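The values are calculated or read from the model by the stated rules, or taken from the named source; none is laboratory data. Note that the structure is predicted; figures quoted are calculated from it, not measured. Here Cβ is always computed from backbone atoms with ideal geometry, including for glycine, and neighbour counts include all displayed protein chains.
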């Protein structure tokens, strides 16, 4: 089953399963990252948009993307703009976002390096990419790539590792 099909199927029950955990991650991230009223933010893998909506109240603008049409529909119900797209082919111009957040998504992306390259392309100079990766991921070798790029490894935040790429 493709990831988009999987998330389409679980979309309605997603928040019941994961909202509390995702909220906990956001609270831990905010110990290291300040969302500013002037920030333009991209939320990659925004899911139902509940976390995106919380960030929306702190920033100038936020856009969510998700590969699941059903997740995107739910995000829009939360009054957050959302586009159906994948992280390897971001439909945005260069240097558009001050911050890019990608919570517990990178391990599900087929071409992780391409996704990071795309995030770097659309991130402004002086911006940052905030991402978490499941510690139990079979693709944990990708961590070496992140470290080689000069990523700031923040550490363990529960079930995930937290990384911040600064430009």
| Is one or more of the residues making up segment 95-102 at pLDDT 95 or above, over 12 Å from the mean Cα position of the chain (by Cα), part of a loop (DSSP other than H, G, I, E, B) and surrounded by fewer than 21 Cβ atoms within 10 Å (Cβ to Cβ)? | yes
| strands (runs of 3 or more DSSP E) contained entirely in segment 27-88, each with at least 2 residues that are farther than 20 Å from residue 6 by Cα | 40-44, 61-66
| field | Failed criterion for residue 125 (all others in (1) surrounded by 14 or more Cβ atoms within 10 Å (Cβ to Cβ); (2) within 21 Å of residue 30 (Cα to Cα); (3) at pLDDT 90 or above hold) | value | (1)
| task | For segment 16-40, name all the residues that are over 13 Å from residue 103 (Cα atoms) and either in contact with a helix residue (DSSP H, G or I) (Cβ under 7 Å, 6 or more places away or on another chain) or touching a residue at least 24 places away in the same chain (Cβ under 8 Å) (or both). | result | 32, 33, 35, 36, 38, 39, 40
| Scan of segment 105-120 for residues that are surrounded by 18 or more Cβ atoms within 10 Å (Cβ to Cβ) and either under 13 Å from residue 165 (Cβ atoms) or more than 12 Å from the chain's Cα centre (by Cα) (or both), ordered by number | 106, 112, 115, 116, 118, 119
| Residue check: is residue 116 more than 20 Å from residue 20 (Cα to Cα) and part of a strand (DSSP E or B)? | no
